[in-house]
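Written out below as structure tokens is the structure these notes cover.
The values are calculated or read from the model by the stated rules, or taken from the named source; none is laboratory data. Not measured: the values here are computed from a predicted model. FYI the Cβ positions are ideal-geometry reconstructions off the backbone, even for glycines, and counts take in every protein chain you see.
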Amino acid sequence: MPRLLNEYRNRIVPELKSQLGRQNSHCIPRLEKIVVSMGVGEAINDRKRLDAAVEHLMMLSGQKPQICRAKKSVSGFRLREGSPIGCRVTLRGKRMYEFLDRLITLALPRVRDFRGVNPNGFDGHGNYNYGLNEQLVFPEVDPETVTHTQGMNITFVTSAKTNDEGRALLRAFGMPFKAEDK
């Protein structure tokens, strides 16, 4: 069993019950899925960039990414409908908790000049979005094999109804939010 899943069941649920004032443990917000996506705009000119991004995302997540294709043609970007321009992976269950554990304990502390993640990245329904500038912060990626750094977007989808509930859930998992200036 992943460490964070065990911690969620034994420590976080009772803590959130008292913090949110709820009796039923099924009413406590939970993490439903994590979506990691990479938009590779340079894939229009160089297909190898997309292949490298897919390979790195496969190493990070432990499962094969889905190739995302353009929905519309945009002549200003030399983009045609159906062209591959990115990749994404949806993590659920044990892989989701293992990825979250590696993100919080290994990857985020390796970000240069890290002061905490932005607490305002919530969408109004308890889901959180965070962007990384490069894939090299994960220890699985060998820096000597990387020819181009690639950013990624990480979306945490929760069952929380409000931003405050989602923030409380992610903070209980150990997400290092910036201190809000008051």
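Select, from N153, N118, the only residue that is modelled with pLDDT under 90 and polar (S, T, N, Q).
That would be N118, the only listed residue that is modelled with pLDDT under 90 and polar (S, T, N, Q).
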G126 - would you say it is surrounded by 13 or more Cβ atoms within 10 Å (Cβ to Cβ) and small (G, A, S)?
yes
Across segment 15-26, the tally of residues that are without any contact (Cβ under 8 Å) to a residue 60 or more places away in the chain and in contact with a helix residue (DSSP H, G or I) (Cβ under 8 Å, 6 or more places away or on another chain) stands at 4
Sole miss for N120 among (1) touching a residue at least 60 places away in the same chain (Cβ under 8 Å); (2) loosely packed, with under 15 Cβ neighbours inside 10 Å; (3) under 21 Å from L20 (Cα atoms) is condition (1)
In segment 121-135, anything under 15 Å from the mean Cα position of the chain (by Cα), at negative phi and of a type outside the set (D, E, K, R) is listed as G121, F122, N127, Y128, N129, Y130, G131, L132, N133, Q135
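Does G174 meet the test of being within 19 Å of P2 (Cα to Cα) and of a type in the set (G, A, S)?
For G174, the condition - within 19 Å of P2 (Cα to Cα) and of a type in the set (G, A, S) - is met.
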Taking segment 11-54 and keeping only residues that are touching a Pro at 6+ places or on another chain (Cβ under 9 Å) and exposed (fewer than 14 other Cβ atoms within 10 Å of the Cβ), one is left with S25, R47
Going through (1) closer than 24 Å to S25 by Cα; (2) in contact with a Phe, Trp or Tyr (Cβ under 6 Å, 6 or more places away or on another chain) one by one, R167 fails only at (2)
In segment 84-107, anything buried (at least 16 other Cβ atoms within 10 Å of the Cβ), farther than 14 Å from G62 by Cβ and without any contact (Cβ under 8 Å) to a residue 60 or more places away in the chain is listed as P84, I85, G86, C87, R88, A107
By residue number, the members of segment 140-156 that are over 23 Å from K33 (Cβ atoms) and in contact (Cβ under 8 Å) with a residue 24 or more places away in the chain are V146, T147, H148
Here the residues within segment 138-150 that are at pLDDT below 85 and hydrophobic (A, V, I, L, M, F, W, C) are V141, V146
By residue number, the members of segment 140-167 that are assigned to a loop (DSSP other than H, G, I, E, B) and acidic (D, E) are E140, D142, E144
